1. Have a look at 151, 98 and point out the one that is crowded, with 21+ Cβ neighbours inside 10 Å and more than 30 Å from residue 202 (Cβ to Cβ).
2. For residues in the range 310-332 being within 16 Å of the ligand (Cβ to nearest atom) and in a helix (DSSP H, G or I), which is farthest from the chain's Cα centre (by Cα)?
3. What is the one condition in (1) surrounded by fewer than 21 Cβ atoms within 10 Å (Cβ to Cβ); (2) within 16 Å of the ligand (Cβ to nearest atom) that residue 128 does not satisfy?
4. Considering only residues that are over 22 Å from residue 464 (Cα atoms) and assigned to a loop (DSSP other than H, G, I, E, B), look in the range 386-410 and name the one that is farthest from the ligand (Cβ to nearest atom).
5. Among the residues of the range 582-628, which ones are crowded, with 20+ Cβ neighbours inside 10 Å and touching a strand residue (DSSP E or B) at 6+ places or on another chain (Cβ under 9 Å)?
6. Would the range 182-194 turn up any residue that is assigned to a helix (DSSP H, G or I), in the same structural domain as residue 453 (by TED's automatic domain parsing) and out of contact with any strand residue (DSSP E or B) (no Cβ under 8 Å at 6 or more places or on another chain)?
7. Taking the range 505-528 as the search range and keeping residues that are modelled with pLDDT of 90 or more and over 20 Å from residue 386 (Cα atoms), which one is surrounded by the fewest Cβ atoms within 10 Å (Cβ to Cβ)?
Ligand code: GCU
């Protein structure tokens, strides 16, 4: 009876250590749910279920605890407490009880999950005192799910949302999805693809969405939709979708009102406009701000927000795509309605295995900028390569923009502390699907988990989160968990080494899986690998200094200094900013060519090391999960060699040098 991975990090395995179990049981004589409401109800239900699995005891739920001790109390805090945000929680010992309290129902739910996590981690109750508030207000997943059940860039099966059977049948899996998200503090979900179908604005779909929202609401999660900007025309039958046209404005107002009738706590819209062929305000000579503000106006009577994406670039072979978002959006700073958040991808190009931070961060002080990370592994080997993403997220969040002097990190832009805006957001493009284990690759569950934890607290370390996730999901055995955490923490660097070392990027055509570094006549001049890596007989890399595209000028001088000179640029970023000669000696003592070969070869070989780490944990793992990952690692090994050989053979046609001694040439 193997573990099929369905329960994620919410397994609540029986506590076997007798003294620890006795300690937990001391507080398991009752659950006092002292506040009303669906969300607190979810908290006490989760606690009841969790305790019954952890302790093998069904703990009764009451609504008061007067004079009683030995229980767990869920309670709303009254009175002002400036240290605690609305969604924050506190867990402490008082009057012989464990008290989970918050100013809000959501906070009680989050605190309850934290208490359960504490017991899942087998930590003592003695001295228990925890308090935490989220650093970011809107913590959400973006699903790129289509109405036909497919998922754009999804590698874990079909969409979770079964539109054809909604609204009548509500799949119980929606509840488990909501539980998983709430357990890591996620409070929003955008159900459909940013390349949006107008169909989601039809009454037929609004009631389907409402049925899903009814489930999400009980876990403190608001439901959002991506919108097709031209819907007034294609769905509404108007002659235009011009955001300044009064009829168009009226159409959106009515549409939003119609949605709120069905979904009173609707979260808002996510918009991809004038990006990769999607319609937008520029089709009518208007700006992104005109478009976003029109939608914001429609949300005026309600709580909802408009999240407007900054992922834009032109099909221009002579322009540098790196610079496009900054050029279009910085001039609009200060022009957006306060209900608008501009959502920016972590890097200037597109979720590459390693990118410098987007120069938009810090450069729009009057506009709330939200972070968009990608959890699904579009450029990270889909569901066969193990890549733990927390280091990717952290690398961006910890980057210093220097906009207000040293210490102006991207995290401080995103959490609002640098520029003082109230609406803050972190979004992750979801990696979930209807695979039994949700994410395809069992280790990819950790990326969903890590995103949630970092959206709550970006100061957590990658290592801390990995330890937590492994303990909750895979094994209690310290030694085994040590091996797996080591594997996870190195996995991203290993992937980068065989896939895009030294700052290479985007060796892909449309599918973003197979190695395709060569010149390729795609549908757009900027959708061919050579546009990005610029290989020629002299060298490799994209010159973004003043002698090239000068994209570096979009950063503050202190940042420019780090990347301006090829001799001083840290090797991971070298080819992002410089066209480097093949024979140039790098800080490692090797020429560029030899260094590239070394990375491709050692990267591919390091997958064998990953296999070894995984095997060292075997005895402590569920056999089914062990085998699943072991087999995927074999695929990863084969594909890493494929990447290595494709790059080496291709680049050799420019470098015209032999493969350095010690590396067996590709056959
Ligand atoms: C990438 C991805 C697309 C997606 C786009 C976006 O280019 O390949 O599938 O639509 O990003 O984020 O809008």
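1. Exactly one of 151, 98 is crowded, with 21+ Cβ neighbours inside 10 Å and more than 30 Å from residue 202 (Cβ to Cβ), namely 98.
2. 328
3. Condition not satisfied by residue 128: (2).
4. So the residue we want is 406.
5. Scanning the range 582-628 gives 582, 592, 593, 596.
6. For the range 182-194, residues assigned to a helix (DSSP H, G or I), in the same structural domain as residue 453 (by TED's automatic domain parsing) and out of contact with any strand residue (DSSP E or B) (no Cβ under 8 Å at 6 or more places or on another chain): present.
7. So, considering only residues that are modelled with pLDDT of 90 or more and over 20 Å from residue 386 (Cα atoms), the one surrounded by the fewest Cβ atoms within 10 Å (Cβ to Cβ) is 516.
Yes or no, residue by residue, for (1) within 25 Å of residue 632 (Cα to Cα); (2) within 16 Å of the ligand (Cβ to nearest atom); (3) touching a helix residue (DSSP H, G or I) at 6+ places or on another chain (Cβ under 7 Å):
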site	(1), (2), (3)
486	yes, no, yes
497	yes, no, yes
541	no, no, yes
544	no, no, yes
550	no, no, no
560	no, no, yes
567	no, no, no
579	no, no, no
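The values are calculated or read from the model by the stated rules, or taken from the named source; none is laboratory data. Everything numeric in this text was worked out from a predicted model, so none of it was measured. Note that we place each Cβ from the backbone using ideal geometry, even for glycine, and neighbour counts take in every protein chain shown.
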